[in-house]
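The values are calculated or read from the model by the stated rules, or taken from the named source; none is laboratory data. All figures in this text were calculated on a predicted structure; none of them were measured in a lab. Positions of Cβ are generated from backbone atoms using ideal geometry, with glycine treated the same way; all protein chains shown enter the neighbour counts.
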Amino acid sequence: MRAWSRNCARIPDWRSCREAAVSDVTAILDLLGDPDPVVHEALISRLTRDRVLLDRTWLAAQERDGEPHRDLLDLVLTTDAEDLVDAFAAVEDLEGGVWVLPRLHRPRTDWRSAGTATLDALAARLRERTVAPTGGSVAAFLCDECGFAGDREHYHDPANSYLPAVLDRRLGLPIALTVLWVLVGRRLGLDLEAIAAPGHVVGRWHLGKEAVYVDLFAGGQRIGIDALAARVRAAGETSVLPYLAPASDRALLRRMARNLVAAYAQREDRVRATIAHGLASA
C-alpha cells in the first residue's frame, strides 16, 4: 500500500492518481502484489478493459526475473484462450503441437525455437555414429546416455506433459517420453510408433516382421506383447488388440491435453484446467 500512497501524495485527486498509476506499467507490476484488495481489483479491472495496456504489462513482466504474478498470468491466459485453442486445433503434426501446448504454462512464449534446436542436436549425436540407429538404440541413447526417465515421484506435475520441460528436466510422463523418442526418430528417418495403451503409452518399432515394444518411462526397457496385454487387463480392459494400432499425431496431442486437464484440476487451477479441456476437444 505504501507505493500507492506515495503516488497519491503527488497528485491531489485520488482518481487521477489511480489513472496515472495504472497507466504506468512498472507501477502496475509493483502494485499487483499489493495486499490491499481495492488496489488489486482496480488494477485487474483496468487490465481487463484495456488490451493494449495488458499487452504492455505482460511484455514488461517477461523482462523481469522470476514468474509473472499469478493473476496477470491468468488474465493473459484467459484473454488468449480462444486463440490458443484455435492454434492447437490448426496443428497438423505432432511436433507442431508440442510447442503450442506449453503456452498453457506460459503464454506468448516461443517454445519452438529452443525445443527444435535441442531435438536436432540429439538426433545429430546419433547420426554421427557408425552404426545405423534403430528404435532400440534411440531409446538406449535417450534413457541411458542422456538420462531421460519417468517422473515417479511427482507423476502429476504438469511439467511432465510439456516437452520443453521434459527436455530441460529429463523427466516426464510415458506419453511425453514416447513423443520425444518418436520425434528424434523421425529426424533419423525411422518409423517409430506410439501405442496408446490405457494408462501408459509405449513405443513400438519393427525389426523385419517382428514388432518390438519399449517403455521409455521405465528407462527404455523392452516389453513383450504378453506383458503389454497384462497391463491392459490390469487397467480393466479385456483385450490388448484394440490398442495395437499406432496412435495418430492428433490422438497423442489430445491425450497430452487430457493429462493436463487432470493435472491442473488436481492443483485446483481452474483457468488452466478449463483451457486444457478446450485443447483436448480441439
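Brief remarks on what is shown
- Looking only at residues of the stretch 210-227 that are of a type in the set (D, E, K, R) and outside any helix (DSSP H, G or I), we find that the one that is surrounded by the most Cβ atoms within 10 Å (Cβ to Cβ) is D215.
- All positions within the stretch 187-205 that are in contact (Cβ under 8 Å) with a residue 60 or more places away in the chain and either among the polar types (S, T, N, Q) or over 24 Å from V232 (Cβ atoms) (or both): R187, L188
- Filtering the stretch 124-140 to residues that are out of contact with any strand residue (DSSP E or B) (no Cβ under 7 Å at 6 or more places or on another chain) and surrounded by 20 or more Cβ atoms within 10 Å (Cβ to Cβ) leaves L126, V138.
- Meets criteria (charged (D, E, K, R) and modelled with pLDDT under 95) for R129: yes
Quick grid of which residues meet (1) under 17 Å from L190 (Cβ atoms); (2) among the aliphatic types (A, V, I, L, M); (3) in contact with a helix residue (DSSP H, G or I) (Cβ under 7 Å, 6 or more places away or on another chain):
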residue	(1), (2), (3)
F88	no, no, yes
R106	no, no, no
T118	no, no, yes
R127	yes, no, no
A132	yes, yes, no
G135	yes, no, yes
A139	yes, yes, yes
N160	no, no, yes
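- First in the stretch 49-75 and touching a residue at least 60 places away in the same chain (Cβ under 8 Å) and not assigned by TED's automatic domain parsing to the domain that holds P35, second anywhere and surrounded by 11 or more Cβ atoms within 10 Å (Cβ to Cβ) and assigned to a helix (DSSP H, G or I), Cβ under 6 Å, 6 or more apart: D74/V271
- Residue count for the stretch 129-181, restricted to those that are under 15 Å from the mean Cα position of the chain (by Cα), in a helix (DSSP H, G or I) and charged (D, E, K, R): 2
The rows are residues; the columns are (1) surrounded by fewer than 14 Cβ atoms within 10 Å (Cβ to Cβ); (2) under 17 Å from P164 (Cα atoms); (3) at pLDDT 90 or above.
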| position | (1), (2), (3) |
| --- | --- |
| A27 | no, no, no |
| S45 | yes, no, yes |
| T48 | yes, no, yes |
| D55 | no, no, yes |
| A60 | no, no, yes |
| A87 | no, no, yes |
| L94 | no, yes, yes |
| D110 | yes, yes, yes |
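- Residues located in the stretch 228-244, provided they are part of a helix (DSSP H, G or I) and in contact (Cβ under 8 Å) with a residue 12 or more places away in the chain: L228, R231, V232, Y243
One line per residue, one yes/no per condition, for (1) in the same structural domain as V138 (by TED's automatic domain parsing); (2) surrounded by fewer than 14 Cβ atoms within 10 Å (Cβ to Cβ):
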{"position": "L180", "(1), (2)": "yes, no"}
{"position": "G185", "(1), (2)": "yes, no"}
{"position": "L188", "(1), (2)": "yes, no"}
{"position": "G208", "(1), (2)": "yes, yes"}
{"position": "G236", "(1), (2)": "yes, yes"}
{"position": "M256", "(1), (2)": "no, no"}
{"position": "A263", "(1), (2)": "no, no"}
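- Just one residue in the set T57, T116, T109 is hydroxyl-bearing (S, T, Y) and more than 18 Å from the chain's Cα centre (by Cα); that residue is T57.
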